[in-house]
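Novice: Here's a structure for you.
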Amino acid sequence: MNKNSDIKISFFNLIKTISDSIDLRSVKITGHHKLVAYISLQLGLRLNLDKASLRKLVFSALIHDIGILYFDKRIDDILDNRTNEEHAYVGYALIKDYFPFDGYSQILKNHHNKWNKIEHNMNNYLSNIINLADITAYFTDEKSNNILSQKAEIIKTIKQYAEEKISPDILNVIDILGHKEAFWFDMVSIKNREQMVEEYIRKNLDLKLNLDQVLSISEIVSHIIDFRSPFTAAHSKGIATISAELAGNLGFSDEDIKIMEIAGYFHDIGKMAWPLRIINKTGKLSKKDWAVVKSHTYYTYYVLDNIKEIPKLKEWAAYHHETLDGKGYPFKIDKRKINMGARIVAVADIFTAIAEDRPYRNGFKKKKIINILKELAINKKIDESIVKVLIEDFDRYNVLRREKQKKAICDYNNFEERTIKEIELIYATV
């Protein structure tokens with residue numbers, strides 16, 4: 001058994017995974033976080049921020065709108081409403097208890113607040129930089145073929161809009177950047193801009209995380225996924241718990257058990273693409289709905305491809321709807337290519353889904369759960385050897401799942417209660 005893992009994961013790769021998953025929600029925000037990160041980086045460099053502050057600024061910019069996923073509104077309505085920014089507080093509430101580094105949650109919380117309305121400290125200063133970067137991105141037409149001809153009018157509009165919102169020394173940097181043609185060309189050259197930001201981060205700002213830090217962040221990701229609805233509030237917690245427990249009982253190393261738990265937390269990250277109407281639907285799904293539903297494992301696979309240091313993670317997490325008869329989705333993979341980690345997550349997913357309570361039904365009883373699992377194994381949908389391990393110690397697995405999911409439900413209820421109250425207090429329309 002491994003005492004300590006030698007795996008080190010790029011902090012940037014992990015943040016980029018989260019950023020890319022937010023982009024799944026709508027084409028309206030695809031690339032938005034990377035654009036704001038680019039502008040934030042340029043502002044931060046001009047303001048001579050130290051390396052730690054610059055890292056915090058750019059990485060926060062890459063995920064600044066994670067709270068946008070929690071509102072059953074058109075993305076256009078949220079993006080256009082720049083005075084009542086509840087999603088900023090939701091982002092803060094999501095990461096404040098689990099993120100393994102200080103300051104990020106506070107930056108997200110205040111990235112739309114006026115400078116004269118918040119305490120003047122470094123985290124809020126970074127937040128104010130992101131605010132200006134966000135405003136600049138909003139007023140810049142990325143599709144323009146002649147951006148230089150518009151820069152004077154864009155700067156004028158930005159300064160008029162941001163005058164009362166942004167610290168004067170930050171706002172003045174826009175004039176300095178505005179004289180650089182390359183700044184504007186980068187704004188409309190997506191590939192060049194993103195390559196430049198990535199190269200700068202990898203050379204100057206990146207950190208290497210251990211598996212425990214990645215595990216902590218992956219639990220945040222599961223909250224981002226699951227806390228969108230009471231229907232799914234504890235689902236990934238159950239998958240992560242049962243997957244790790246099965247892996248341990250099947251002889252996986254300590255390192256792989258931890259990776260298995262991370263895979264459980266990440267397995268539904270592709271659901272960021274789902275609108276709330278599908279997540280909350282209690283009736284039969286239409287064919288169009290099913291087409292959306294089947295996309296989530298595909299997106300999980302490609303979003304997790306960012307984490308190059310653990311190549312098996314994307315397979316363990318994303319293959320949970322592949323079946324051993326080759327009729328699963330989305331890749332229709334031959335059973336010989338479905339490794340044991342992916343098979344474990346598949347069994348854990350089905351077991352948890354039918355055992356857990358949902359707002360519209362109670363979890364199934366032991367006998368029915370066992371019968372379903374056995375039938376799926378007989379029909380070559382899931383691995384019979386894994387099902388056997390689970391059934392032989394069914395009560396222990398089920399108690400463990402129930403305890404962990406009960407805690408996750410409590411976390412969700414606390415999140416809902418405090419977040420709604422704080423939003424009403426902080427962002428109430430006067």
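Novice: Which residues, taken from the range 193-227, are touching a strand residue (DSSP E or B) at 6+ places or on another chain (Cβ under 6 Å) and hydrophobic (A, V, I, L, M, F, W, C)?
Specialist: Start the filter on the range 193-227 by keeping residues that are touching a strand residue (DSSP E or B) at 6+ places or on another chain (Cβ under 6 Å), which leaves 206, 209, 214.
LEU209, VAL214, listed by residue number.
Novice: Name every residue in the range 202-216 that is touching a Ser or Thr at 6+ places or on another chain (Cβ under 9 Å) and of a type outside the set (Lys, Arg), in order of residue number. Steps first, please.
Specialist: Looking only at the range 202-216, we keep the residues that are touching a Ser or Thr at 6+ places or on another chain (Cβ under 9 Å), and these are 202, 206-212.
Of everything in the range 202-216, those that are touching a Ser or Thr at 6+ places or on another chain (Cβ under 9 Å) and of a type outside the set (Lys, Arg) turn out to be ASP206, LEU207, LEU209, ASN210, LEU211, ASP212.
Novice: Checking the conditions here, which among ASP349, ASP383 is more than 15 Å from ALA240 (Cβ to Cβ) and buried (at least 19 other Cβ atoms within 10 Å of the Cβ)?
Specialist: On the way: ASP349 fails: more than 15 Å from ALA240 (Cβ to Cβ).
That would be ASP383, the only listed residue that is more than 15 Å from ALA240 (Cβ to Cβ) and buried (at least 19 other Cβ atoms within 10 Å of the Cβ).
Novice: Evaluate the following for LEU45: is it among the aliphatic types (A, V, I, L, M), surrounded by fewer than 18 Cβ atoms within 10 Å (Cβ to Cβ) and either part of a helix (DSSP H, G or I) or in contact with a Phe, Trp or Tyr (Cβ under 7 Å, 6 or more places away or on another chain) (or both)? Full working, then the answer.
Specialist: Details: among the aliphatic types (A, V, I, L, M): yes; surrounded by fewer than 18 Cβ atoms within 10 Å (Cβ to Cβ): yes; either part of a helix (DSSP H, G or I) or in contact with a Phe, Trp or Tyr (Cβ under 7 Å, 6 or more places away or on another chain) (or both): yes.
Here the answer is yes, as LEU45 does meet what is asked.
Novice: Being surrounded by fewer than 23 Cβ atoms within 10 Å (Cβ to Cβ) and within 21 Å of ALA93 (Cβ to Cβ), is that true of even one residue in the range 152-172?
Specialist: no
Novice: Among LEU304, LEU376, LEU324, which is surrounded by 14 or more Cβ atoms within 10 Å (Cβ to Cβ) and closer than 30 Å to LYS16 by Cβ? Explain how you work it out, then say what you get.
Specialist: Details: LEU376 fails: closer than 30 Å to LYS16 by Cβ; LEU324 fails: closer than 30 Å to LYS16 by Cβ.
When all the criteria are applied, what remains is LEU304.
Novice: Go through the range 275-284 and report how many residues are surrounded by 12 or more Cβ atoms within 10 Å (Cβ to Cβ) and either modelled with pLDDT of 85 or more or not in a loop (DSSP other than H, G, I, E, B) (or both).
Specialist: If we filter the range 275-284 for residues that are surrounded by 12 or more Cβ atoms within 10 Å (Cβ to Cβ), which is where we start, we get 275-276, 278-281.
When the remaining residues are screened for being either modelled with pLDDT of 85 or more or not in a loop (DSSP other than H, G, I, E, B) (or both), the result is 276, 278-279.
Final tally of qualifying residues: 3.
Novice: May I pose another question? Looking only at helices (runs of 4 or more DSSP H) that lie completely in the range 91-207, which have at least 3 residues being of a type outside the set (Asp, Glu) and within 30 Å of TYR70 (Cα to Cα)? Before you say what the answer is, go through the steps one by one.
Specialist: Working: elements: 104-109, 122-138, 151-162, 168-178, 181-188, 190-200.
Fully inside the range 91-207 and qualifying: 104-109, 122-138, 151-162, 190-200.
Novice: So which residues in the range 104-139 are surrounded by fewer than 18 Cβ atoms within 10 Å (Cβ to Cβ) and over 20 Å from LYS421 (Cβ atoms)?
Specialist: The initial filter retains those residues of the range 104-139 that are surrounded by fewer than 18 Cβ atoms within 10 Å (Cβ to Cβ), namely 114, 116-122, 138-139.
Listed by number, the residues that qualify are LYS114, ASN116, GLU119, HIS120, ASN121, MET122, TYR138, PHE139.
Novice: Kindly indicate which of PHE351, PHE415 is of a type outside the set (A, V, I, L, M) and over 22 Å from the mean Cα position of the chain (by Cα).
Specialist: Only one candidate passes the filter, namely PHE351.
Novice: For residues in the range 130-160 being at pLDDT 90 or above and among the polar types (S, T, N, Q), which is farthest from LEU35 (Cα to Cα)?
Specialist: Ranking the qualifying residues of the range 130-160, first place goes to GLN160.
Novice: Looking for whichever is acidic (Asp, Glu) and under 19 Å from ARG46 (Cα atoms) here; the options are ASP97, ASP169. Which one fits?
Specialist: Details: ASP97 fails: under 19 Å from ARG46 (Cα atoms).
Step by step, each of ASP97, ASP169 is checked, and only ASP169 is acidic (Asp, Glu) and under 19 Å from ARG46 (Cα atoms).
Novice: Still on this structure, I have one more. Every residue in the range 245-259 that is closer than 15 Å to ASP393 by Cα and either in contact with a strand residue (DSSP E or B) (Cβ under 9 Å, 6 or more places away or on another chain) or not in a loop (DSSP other than H, G, I, E, B) (or both), please. Don't jump to the end; show me each part of the working.
Specialist: Within the range 245-259, the subset closer than 15 Å to ASP393 by Cα is 245-250.
Across the range 245-259, the qualifying residues are GLU245, LEU246, ALA247, GLY248, ASN249.
The values are calculated or read from the model by the stated rules, or taken from the named source; none is laboratory data. None of the values given here were measured: they were computed from a predicted structure. Because the Cβ atoms are built from the backbone with ideal geometry, glycine has one as well, and the counts that use them run over all protein chains shown.
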